[in-house]
There are 2 protein chains.
Amino acid sequence: MLIFSTDALIGLSGYAGVMESLMNSAEEQQPTSPITNLWSKKQEASKNQKQKLVGGFVLVHAGAGYHSESKAKEYKYVCKRACQRAVDRLKAGALAVEAVAAALVELEDSPFTNAGMGSNLNLSGEIECDASIMDGKSLHYGAVGAIGGIKNPVLVANRLLSEAQKGKLSAGRIPPCFLVGRGAHEWAVSHGIPPCPSEKMATKFSLSAYKRNKRKMELAEKMDTGHNQTKKRRQSSENVSTVLSVKCNISTCLMMVDRKWFRVSRHRGSRCSRPREGNVAAAVSSGGLAMKHPGRVGQAAHYGCGCWAENACNMNPYSTAVSTSGCGEHLIRTMLARECSVAMQSEDAHQALLEAMQNKFISSPFLASEDRVLGGVIVLRCCRCVEAPPSQNIQGILVEFLWSHSTESMCVGYMSAQDSKAKVSFSNTSTRAISCMTVALGQPGAIVQTYTKRGPVEMKAPATGGVMSGQFRDLLGLMWRTAERSQSQPCQTQSKTVTNFEV
Amino acid sequence: MLIFSTDALIGLSGYAGVMESLMNSAEEQQPTSPITNLWSKKQEASKNQKQKLVGGFVLVHAGAGYHSESKAKEYKYVCKRACQRAVDRLKAGALAVEAVAAALVELEDSPFTNAGMGSNLNLSGEIECDASIMDGKSLHYGAVGAIGGIKNPVLVANRLLSEAQKGKLSAGRIPPCFLVGRGAHEWAVSHGIPPCPSEKMATKFSLSAYKRNKRKMELAEKMDTGHNQTKKRRQSSENVSTVLSVKCNISTCLMMVDRKWFRVSRHRGSRCSRPREGNVAAAVSSGGLAMKHPGRVGQAAHYGCGCWAENACNMNPYSTAVSTSGCGEHLIRTMLARECSVAMQSEDAHQALLEAMQNKFISSPFLASEDRVLGGVIVLRCCRCVEAPPSQNIQGILVEFLWSHSTESMCVGYMSAQDSKAKVSFSNTSTRAISCMTVALGQPGAIVQTYTKRGPVEMKAPATGGVMSGQFRDLLGLMWRTAERSQSQPCQTQSKTVTNFEV
């Protein structure tokens, strides 16, 4: 899931950052003079307006794998709920990393996703979860692997991240970023995260899947009897149920860019306020492969493999957030999340993802021995605009979000903080798919304009309801297809300049 | 530790591969005719000579951290023993990945290294180890994290690697590459690796260090009482013992290139035999930071962070193997092993490592909030030679191995299969250090020549004893210093062509 929260995207580009810094300094100064009182009133008015104008964007997925048609409605519903939860948190002033964790809790709590409640059971019939979270601003990271008895593993990962941000522990010890198993459980409980009996985390769906898988395994192992050579044994097993480990692998993840997107130059007329910095965050949670060995850790707990978030910096023009799903071993050995993030720094996002999925995953030399490479990825990137002419008022931002999968299906939800409800896309294909969308976020009816290396790009936000506009390209097919980048074909080419909004 | 095993480096470049393939086909054919008998005799002679000529190179380290002066002798001794063990295995025909595991077992068994026996104790007074291994040929990887009650964690990692290479499990399940905690222990025991009671793994050194560290922690926490603010609390703690987590962090790792280095073109006179392919392997094992939280997993179990091995391929002209040591959290968040491997593909190895350590580690944006960045790395790379003129006989290979650390000290050992004993270097500095060495492996007294992109490079192997020759640059100093690459300054510039050796 990708969320990006852009408080001020509604024609107020660049104002939020200043507003926040003024507020912070006001709190420190505790103004008493009439001048500061006046200033304080103005600032309070800003605060009220701020609450109305808080923005952002969130993208979630409910896993790449096989989604039962009969449960499609539930998958869509939970994706929408997760988006809503993140947007609610954004509106309450949460940062990217907090909102992303909140949305993931929603997905973990659903009995239909393979994360938290209703996770796949392992060989011993137990639930062991992986989760990780990354903050694009501090580049801190927290992860838990094979943790049992915790309903929301992402909260433990998030707590590890925030504890690490506080600095060293007593006696100069370095705080951990990755905890596993029993130790992770104990750490979580000692940090106030309530334990949950393992049996309460299993659902009727996960239990029946476990029984079904166990029968399949027993059947496969019976058929193996008589075959002495490992090679033969394994080949025969594959004939019985190759899909066992694929069908139930629906992990869950999300990412966001928070409302601190803008840093403002307050000198009117010259180098007007423009987006310079964005906080992205990404998180992922998974119950892992069905019938996995106890103690197995998948990509969801692995740095660079399950999720990645990196703010724009001098070297990187784009803020990127990535989250993956699928067969953990494939995603680990290709470090897919980080590879996609690196790829997203090139000009054409769609082409870059296409090439990354093909060269760094499907045809990766690291997976040369695999007969089928299974995974999916969601990607969000926010353009860090290049120099804008002094006469222009930049009042919006372009967000590109993409997803791609080599698994049978993938369920994706997305929402901007100005939308009244989330949208869901259920891509169901047995072949490779890549989807790409560019959205403009801004005041309803306003022209949202941004500057890329290629020059100005403009899009018109819808006149009524919400602020999302864009071109949606859903490219499914038997083969990878190249397509023109959405961003290079703006749906509006007007160069209207809109009014500045007072805050 | 870096080992590269080059059966045939002794002026027999390119012959071993053929010899091996002939031997294999001979076994399959079971020759009966007089002609094949004759051929068989010749082949047996080759076999005998092969045993004498088996070659390779190994590089190990006993950790980057703080090595007590009083134990310097023991560290050196165990490094030498590990090198010897790997070379013995190479001479017995082992592949890179097998020999690297054997050497690591030696290091784990030493009570002086922080791996296996004598590992650091965690907060609860228990030993939990991390280990991983990577095969540069198959690019397979196996790892265990926070595993208790196993004397040689690297053997579990190696077994995971070899099991994964066999393909899918019953019912199409994907074999795990990373197991942690209790599950990892159970998997190990069920795969024939004997358990070892935790109390037997603790030594008098590790127990006394634990008691000392515990006292320091208690003292630090007492001092914290009264400070309410986290920031203040942590600052005061640092004053007590910032080095607690550094002093005991001595992890252990090794890498090698095995004897299948050469692929031979048998057409004499034209494109003579030359090294084309090399199998490198890398492994690492660690007891982790002293007083770590139970369940904490460090870089030694983390893909891309603890070790990396990648054979030369179309995209990469060099085979590289890397292993890291130091503060796990720093090494994870910078993915140092993989970053160094990527850097090693540039022409100048010394400059590349210098830049990688500076830009990707010391000054990494991922560690911007850290006051001190602690780590060390050993790197081996083998040149994949570019086109050689038809008139030349290439009879050796150049190996570059380098190490660098930001910790107080690092102990490194290295040995070629033709050396009678290993060499050890103990770099002890409180500042940054980088060391670089280029060695030529070949028949004693022979000119070893290889072709790089820059043109021919020649070095003379010593006339007596062993086959290692080279230039050693140990650049220690207060600041990073750049230096000319050793390889561009061959110690011998003769262009003598030596006799072909019959095998």
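The values are calculated or read from the model by the stated rules, or taken from the named source; none is laboratory data. This is a predicted model, so every value here is computed, not measured. Here Cβ is always computed from backbone atoms with ideal geometry, including for glycine, and neighbour counts include all displayed protein chains. Surface accessibility is based on the protein's heavy atoms, side chains included, excluding ligands, DNA and RNA. Shrake-Rupley method; radii C 1.70, N 1.55, O 1.52, S 1.80 Å.
How many residues are closer than 20 Å to B:Tyr414 by Cα and in contact (Cβ under 8 Å) with a residue 60 or more places away in the chain when one looks only at the stretch B:327-349?
1
Against the conditions (1) under 18 Å from A:Val100 (Cβ atoms); (2) away from chain B (no Cβ under 11 Å), where does A:Gly149 fall short? Just the number, please.
(1)
Tell me which of these A:Ser198 doesn't satisfy, since it passes every other one: (1) at pLDDT below 95; (2) facing chain B (nearest Cβ under 9 Å).
Unmet condition: (2).
Do we find a residue being within 23 Å of B:Ala343 (Cα to Cα) and either surrounded by fewer than 19 Cβ atoms within 10 Å (Cβ to Cβ) or modelled with pLDDT of 85 or more (or both) anywhere in the stretch B:414-427?
yes
Scan the stretch B:106-127 and tell me whether some residue there is outside any loop (DSSP other than H, G, I, E, B) and within 18 Å of A:Ile332 (Cβ to Cβ).
Within the stretch B:106-127, not a single residue is outside any loop (DSSP other than H, G, I, E, B) and within 18 Å of A:Ile332 (Cβ to Cβ).
Out of everything in the stretch B:141-194 that is part of a helix (DSSP H, G or I), in contact with a helix residue (DSSP H, G or I) (Cβ under 9 Å, 6 or more places away or on another chain) and of a type in the set (Val, Ile, Thr), what residue ends up being nearest to A:Glu221 (Cα to Cα)?
Filtering first and then ranking leaves B:Val156.
Does B:Leu161 meet the test of being away from chain A (no Cβ under 11 Å), open to solvent by 10 Å² or more (accessible area, probe 1.4 Å) and among the aliphatic types (A, V, I, L, M)?
So B:Leu161 fails the test.
Find the residue count for the stretch A:311-354, including only residues that are at pLDDT 85 or above and of a type in the set (Asp, Glu).
2
Can you name every residue in the stretch A:121-146 that is within 11 Å of another protein chain (Cβ to nearest Cβ), open to solvent by less than 20 Å² (accessible area, probe 1.4 Å) and closer than 15 Å to B:Val180 by Cβ?
A:Asn122, A:Asp130, A:Ala143, A:Val144, A:Gly145, A:Ala146
In this structure, is B:Gly93 part of a strand (DSSP E or B) and more than 30 Å from A:Ser190 (Cβ to Cβ)? Full working, then the answer.
Details: part of a strand (DSSP E or B): no; more than 30 Å from A:Ser190 (Cβ to Cβ): yes.
So B:Gly93 fails the test.
Matching residues to (1) more than 12 Å from chain A (Cβ to nearest Cβ); (2) of a type in the set (Phe, Trp, Tyr):
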{"position": "B:Tyr318", "(1), (2)": "yes, yes"}
{"position": "B:Ile332", "(1), (2)": "no, no"}
{"position": "B:Val342", "(1), (2)": "no, no"}
{"position": "B:His350", "(1), (2)": "yes, no"}
{"position": "B:Leu374", "(1), (2)": "no, no"}
{"position": "B:Val379", "(1), (2)": "yes, no"}
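So, of the residues in the stretch A:329-347 that are surrounded by 20 or more Cβ atoms within 10 Å (Cβ to Cβ) and more than 17 Å from the chain's Cα centre (by Cα), which turns out to be farthest from B:Met315 (Cα to Cα)?
By that ranking, first place goes to A:Glu329.
If you go through the stretch B:290-306, how many residues are open to solvent by 10 Å² or more (accessible area, probe 1.4 Å) and within 13 Å of B:Ser206 (Cα to Cα)?
0
Could you check how many residues of the stretch B:355-373 are open to solvent by less than 10 Å² (accessible area, probe 1.4 Å) and within 19 Å of B:Ser323 (Cβ to Cβ)?
Residues flagged as open to solvent by less than 10 Å² (accessible area, probe 1.4 Å) and within 19 Å of B:Ser323 (Cβ to Cβ) within the stretch B:355-373 amount to 4.
Table: residues versus (1) open to solvent by 20 Å² or more (accessible area, probe 1.4 Å); (2) touching a Cys at 6+ places or on another chain (Cβ under 9 Å); (3) without any contact (Cβ under 8 Å) to a residue 40 or more places away in the chain; (4) within 20 Å of A:Ala300 (Cβ to Cβ).
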{"site": "A:Pro176", "(1), (2), (3), (4)": "no, no, yes, yes"}
{"site": "A:Arg182", "(1), (2), (3), (4)": "yes, no, yes, yes"}
{"site": "A:Val189", "(1), (2), (3), (4)": "yes, no, yes, no"}
{"site": "A:Ser198", "(1), (2), (3), (4)": "yes, no, no, yes"}
{"site": "A:Met201", "(1), (2), (3), (4)": "no, yes, no, yes"}
{"site": "A:Ala209", "(1), (2), (3), (4)": "no, yes, no, yes"}
{"site": "A:Lys214", "(1), (2), (3), (4)": "yes, no, no, no"}
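So is A:Arg173 modelled with pLDDT under 95, under 25 Å from B:Ser124 (Cα atoms) and of a type in the set (D, E, K, R) or not?
yes
So, in the stretch B:277-289, how many residues would count as being within 10 Å of chain A (Cβ to nearest Cβ) and either surrounded by fewer than 24 Cβ atoms within 10 Å (Cβ to Cβ) or free of Cβ contacts under 8 Å to residues at least 24 places away in the same chain (or both)?
Number satisfying all stated conditions: 0.
Would you confirm, using the coordinates I've provided, whether B:Pro444 is farther than 25 Å from B:Asn114 by Cβ and at pLDDT below 65?
Yes, satisfied.
Just checking, how many residues over the stretch A:64-83 are surrounded by 18 or more Cβ atoms within 10 Å (Cβ to Cβ), touching a residue at least 60 places away in the same chain (Cβ under 8 Å) and of a type in the set (A, V, I, L, M)?
2
Can you tell me which residue among B:Ala86, B:Ala99, B:Ala92 is free of Cβ contacts under 8 Å to residues at least 12 places away in the same chain and within 23 Å of B:Asn311 (Cβ to Cβ)?
B:Ala92
Checking B:Ala352 against (1) crowded, with 24+ Cβ neighbours inside 10 Å; (2) of a type in the set (A, V, I, L, M); (3) under 24 Å from B:Ser409 (Cβ atoms), which test does it fail?
Unmet for B:Ala352, out of (1) crowded, with 24+ Cβ neighbours inside 10 Å; (2) of a type in the set (A, V, I, L, M); (3) under 24 Å from B:Ser409 (Cβ atoms): (1).
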